[in-house]
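These notes concern the structure reproduced below.
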Number of protein chains: 2
Amino acid sequence: MKENEPPSTLETHLGYWLRMVSNAVSHSFARKVEREGVTVSEWVFLRALYDAERVQPSHLAEGMGMTKGAISKLSDRLFEKSLIERHANPDDRRAHTLALNAAGCELVPRLAALADRNDAEFFDALTPDERQRLAKLLRKIVEKRELAGAPVD
Amino acid sequence: MKENEPPSTLETHLGYWLRMVSNAVSHSFARKVEREGVTVSEWVFLRALYDAERVQPSHLAEGMGMTKGAISKLSDRLFEKSLIERHANPDDRRAHTLALNAAGCELVPRLAALADRNDAEFFDALTPDERQRLAKLLRKIVEKRELAGAPVD
DNA sequence: CACATTTGGTTAACTAGGAAACTGAAATTC
DNA sequence: GAATTTCAGTTTCCTAGTTAACCAAATGTG
């Protein structure tokens, strides 16, 4: 007959601790960028545009691991906030590309500074060596599990 | 004059990698428990009730790091799914307590098994020793930053 | 004891995202 | 070269949270 073990607790799972820290980091960052009038996904979106100059929404959806619908709304919001521009694509009348405008270009470095600060704030609980090891462990999981796409939520 | 450095990229932040792995773990777990008809927050909720027998919603909100409003709706949902019972509190006519019913009691171990499986699935990318070290690093951050409350989202 | 304050919980309005239906343009296929 | 299929993006409907207003019961204060 089967032994009747008690069900495992939440805390026995690595995923639990991971989520606890990850949520705290994200939440704290959300509060920081909120003061600049944007959300975390908007930051990821803008940061992607900063590098790429002109991006198709579909490309962005891919890269950010979000649905096309979400990207569509996200770009509406950023357009509304006057941070990005839309450009028609002459070769394909369905498609268009997105790009930062001047205000967007100016905002990204400020947000990046907040991201730096937030990260430092949390991970100074660890020694530089520990941080190094944590990064290595996480990247190893990402690699082995073939995870991809900027995490947003 | 100030050097004009390029803004840091997403990947330079530990929080980025953390969120990437954490999201993947949660998402995969969400798909698993979905087959048992519950969500991740419902699992956390039910698991808390399993230990405590009878819990006040406010207490649960505290423990799960969610708002009272969210707990209110969550308990509605679980009541609707016939997994929990409400008991009036004779000492305080505002308050009530929540408890698992028979079906809820039976479900929790099945969900726990899924949680075990999900965790194993992700972290077998690491050696037992690495897992140990990862747990230690995460707990150190939790401690130093005094994080609390079961992460849910 | 009356009245203000605090507390436990619900509700309403809002936000962000997902899934799937939909629209119009491009590419295939016969 | 007309008909179908695929593709880019938008829209609609739904879910699950948050915040803030709210209600009723309990507590406390003059």
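Read-outs: derived from the displayed coordinates by stated rules, not from any lab. The structure presented is a predicted model; accordingly, all values stated were derived computationally and were not measured. We place every Cβ from the backbone using ideal geometry, glycine too, and count neighbours over all the protein chains shown.
From the convex hull of the Cα coordinates of chain A, what is the mean projected area in square nanometres? All intermediate terms of the calculation are to be shown ahead of the outcome.
Details: hull surface 54.1 nm².
Mean projected area of the Cα convex hull: 13.5 nm².
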Options A:Trp43, A:Leu78, B:Asn23, ranked by Cα towards positive dipole end of the protein assembly as shown, top entry (Cβ charges): A:Leu78
Set of lysines with alpha-carbon distance to B:Lys81 below 27 Å, sequence-local pairs under 8 removed: B:Lys32, B:Lys68, B:Lys73
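Give the shape of segment A:57-96 as rounded, prolate or oblate, defined through the alpha-carbon gyration tensor: a ≥ b ≥ c are the square roots of its eigenvalues, a/c under 1.5 means rounded, and otherwise the shape is prolate if a/b is larger than b/c and oblate if not. Walk me through the numbers before you get to the answer.
Values: a/c = 2.25, a/b = 1.10, b/c = 2.03.
Note, shape of segment A:57-96 comes out oblate.
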Rotation relating A and B, chain B residue nearest the axis via C-beta, angstrom: B:Ser22, 2
Reachable lysines from A:Lys144, criterion Cα separation under 19 angstrom, eight or more residues apart if same chain: A:Lys136
Two-decimal Rg to Rh for segment B:1-60 - Kirkwood Rh, Cα set: 1.31
Shielding by other protein chains, B:50-56, mean Cβ within 10 Å: 1
Anisotropy class of segment B:36-76 from Cα gyration tensor, a/c 1.5 cut: oblate
Separation between Cα centres of segment B:1-31 and segment B:40-96, rounded to whole Å: 33 Å
Cut-off 19 Å, label 7 Å out along Cα→Cβ of B:Asp91, residues of segment B:19-52 by amide N: B:52
